[in-house]
Each structure stands twice: as C-alpha cells, then as structure tokens.
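The values are calculated or read from the model by the stated rules, or taken from the named source; none is laboratory data. A quick note: this is a predicted structure, and the numbers were derived from the prediction, not measured. FYI the Cβ positions are ideal-geometry reconstructions off the backbone, even for glycines, and counts take in every protein chain you see. Only protein heavy atoms, including side chains, enter the accessible area calculation; ligands, DNA and RNA are left aside. Shrake-Rupley method; radii C 1.70, N 1.55, O 1.52, S 1.80 Å.
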Amino acid sequence: MAIKLMAVTDDAHEAGDLLRILLEIHPFVDHVQIREKRKSAGEVYQLCKELLAEGLPANKLWLNDRVDTASLLGLRQVHIPGHGLPLEELKKLYPDLRIGAPVHSLEEAVQAEAAGVVYALYGHCFPTASKKGKSPQPLSNLGYIRQNIRTPLYGIGGIDVERLVYLKALDLDGVAVMSGIFSEKDPLDAVKNLREECLRLEEIQ
C-alpha cells in the first residue's frame with residue numbers, strides 16, 4: 001500500500017502566496033492540513049473558502065485546531081493539537097467529525113484510538129528546523145506503536161525523500177511534511193519528488 005502524503009502548512013507565507021502553492025501541489029498529495037496559527041480565524045476562513053472555490057476537494061482539506069472555522073465551511077476534518085480540545089467531548093458534540101491527533105507514546109496512541117481519531121500523528125521523527133534543539137522521538141517507539149494500534153499512523157518531522165524508506169519499513173500509513181515542502185524553493189517539485197518516492201516504495205514491497 002502506498003504511503004499517504006499530507007502537506008502541512010508552515011505559517012510562514014502570506015495568504016496569497018500560500019493559496020498559489022496549495023493550488024499547485026494539492027493534486028499530488030492525499031491531504032492538506034492548514035496549520036496557520038498566526039493568522040486570524042477570518043483569514044483562515046477566507047483562505048479555505050478560496051481553496052475550495054478553486055477546486056481543492058473538501059475531503060482533502062484539514063484544519064488545525066479551528067473547529068469553528070471548519071464547521072462554518074462545512075468541512076468534516078480537523079487536526080486537534082495536543083493542547084487542544086478534549087477529543088472525547090469533541091466527538092460527542094460533533095459525532096460526524098473526522099479527527100486527527102498527535103501522539104508521542106503508545107499510551108497516547110491508545111487513548112487517541114479509543115477517542116475515535118481517524119489517524120494518529122507521531123513526531124518529530126528526524127531532526128528538523130521547526131524543532132531546533134529538540135531531539136527526535138525514537139523511531140523504535142514508532143514501530144512499537146504501529147504494532148499495537150489499528151488506527152492509521154503517520155510520521156512527521158524532518159521527512160524528506162531519502163528518509164521515506166525508513167518510515168515505509170515501519171509500515172506507516174502516511175507521512176506529514178511541512179518544511180520539506182513549504183521551505184523549498186520549488187514546493188511543487190518537492191511534492192512531486194516525494195510522491196514519486198512513495199510510489200517507488202510501494203512497488204518494491
């Protein structure tokens with residue numbers, strides 16, 4: 001099975017530039033997560049409204065932490081950060097909401113699975129500029145989590161074309177990439193290279 005590819009925005013682009021990049025890359029990724037913490041709810045709403053109007057499929061679009069904005073847009077997918085709303089209460093209020101959540105241990109992964117998340121996101125897997133001075137989470141823990149939950153498991157943090165093979169070996173369902181796309185001079189080329197490697201790894205196993 002091919003590794004799913006999620007593009008996670010890095011909160012470092014103006015709205016117009018980000019709109020252009022996302023419209024270019026979305027045909028080559030499985031999911032787009034809007035993680036724009038410095039933008040207002042209104043700015044995120046307008047960005048997503050334009051993305052949807054320009055043809056980005058609603059089922060690809062995930063909002064980070066913005067349950068209110070997702071609801072207003074009629075979107076059914078949110079990523080709830082570790083400091084975010086309680087997953088169990090959120091599912092009670094919005095039973096049809098599809099939720100992704102970060103995990104850093106088997107205990108957190110089991111709790112997230114019990115809460116009904118549709119994917120768990122483990123990281124950071126490798127050294128990355130967005131986590132300067134912080135050591136990566138052990139990949140051995142990632143493999144252990146994979147063996148003990150049924151929920152789709154994604155990796156994030158410092159992921160590039162060369163490192164995909166290590167995550168594929170752990171049987172991950174997907175990867176989430178931020179700087180490896182949005183910090184690149186040519187985000188479209190970066191996404192195409194990542195997608196090509198995902199497909200290559202699928203063929204050799």
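Dividing the convex hull volume of the Cα atoms of the stretch 19-101 by its residue count, what figure in Å³ per residue is obtained?
About 91 Å³ per residue, rounded to a whole number.
What is the dipole size for the chain, taken about its Cα centre, with +1 at each Lys and Arg Cβ and -1 at each Asp and Glu Cβ, in debye to the nearest 20?
With only Lys, Arg, Asp and Glu charged at Cβ, the dipole is about 300 debye.
Which whole number in µm²/s is D for the stretch 80-205 by Stokes-Einstein, with the Kirkwood Rh taken over Cα pairs at 4 °C and 1.567 mPa s?
The Stokes-Einstein estimate is 84 µm²/s.
With springs connecting C-alpha atoms under 10 Å apart, model the chain as a Gaussian network and identify which of Ile159, Ile149, Ile99 has the largest mean-square fluctuation.
Greatest mean-square fluctuation among the candidates belongs to Ile149.
Ranked by accessible surface with a 1.4 Å probe, highest first, in what order do Leu52, Leu153, Leu19 come?
Reading off the accessible areas and sorting them downward yields Leu52, Leu19, Leu153.
Cα convex hull of the stretch 115-175: mean projected area in nm², to one decimal?
4.3 nm²
In whole angstrom, how far apart do the alpha carbon centroids of the stretch 42-62 and the stretch 69-112 sit?
Each part's Cα centre sits 19 Å from the other's.
Considering the alpha-carbon set of the stretch 6-62 alone, what are its Rg and its Dmax in angstrom?
Both quantities, over Cα of the stretch 6-62: 10.1, 28 Å.
Quote the FRET efficiency, to the nearest 0.05, computed for Arg20 versus Leu201 with a Förster distance R0 of 25 Å and r equal to the Cβ-Cβ distance.
Step by step, r from the Cβ atoms, then E = 0.30.
Report the number of Lys pairs in the stretch 1-135 whose alpha-carbons are under 29 Å apart, with separation of 8 or more residues or on distinct chains.
Here the count comes out as 29.
Quick check on the chain: helices-only [θ] at 222 nm, where DSSP H runs of length 4 and up contribute -39,500 (n - 2.57) each and the sum goes over total residues. Nearest 500, please.
-11500 deg cm²/dmol
If you count only protein heavy atoms with a 1.4 Å probe, what accessible area per residue comes out for the stretch 72-130, rounded to a whole Å²?
With the other protein chains kept in place, the stretch 72-130 gives 49 Å² per residue.
Using Cα pairs under 8 angstrom and six or more residues apart, how large is the relative contact order of the stretch 41-155, in percent?
18 percent
Pick from Arg146, Arg38, Arg76 the residue whose mean-square fluctuation is largest in a GNM of the chain, springs joining Cα atoms under 10 Å.
Looking only at Arg146, Arg38, Arg76, the biggest GNM fluctuation is shown by Arg38.
Which residue, chosen from Ala190, Tyr166, Tyr144, occupies the Cα position most advanced towards the positive end of the dipole of the stretch 142-198, where the dipole is computed from +1 (Lys, Arg) and -1 (Asp, Glu) charges on Cβ about the Cα centre?
Tyr144
Could you give the accessible area per residue of the stretch 142-205, probe 1.4 Å, as a whole number in Å²?
51 Å²
Could you please state how large a percent of the accessible area of the chain is carbon and sulfur, counting protein chains only and using a 1.4 Å probe? If you can, show how the numbers build up before the last one.
Details: 5070 of 10170 Å².
So the carbon and sulfur contribution to the accessible surface is 50 percent.
How big is the dipole moment of the stretch 138-205 about its Cα centre under a simple scheme where the beta carbon of each Lys and Arg is +1, that of each Asp and Glu is -1, and everything else is neutral? Debye, nearest 20, please. Write out the running numbers ahead of the final one.
Details: 8 positive and 11 negative charges, 53 e Å.
For the stretch 138-205, the charge dipole is close to 260 debye.
Among Leu153, Ile181, Val29, flag the residue with its Cα farthest along the positive direction of the charge dipole of the chain, charges on Cβ as +1 for Lys/Arg and -1 for Asp/Glu.
Leu153
Given the options Ala109, Ala101, Ala41, state which has the largest fluctuation in a GNM of the chain using a 10 Å cut-off (strictly under) for Cα springs.
Greatest mean-square fluctuation among the candidates belongs to Ala41.
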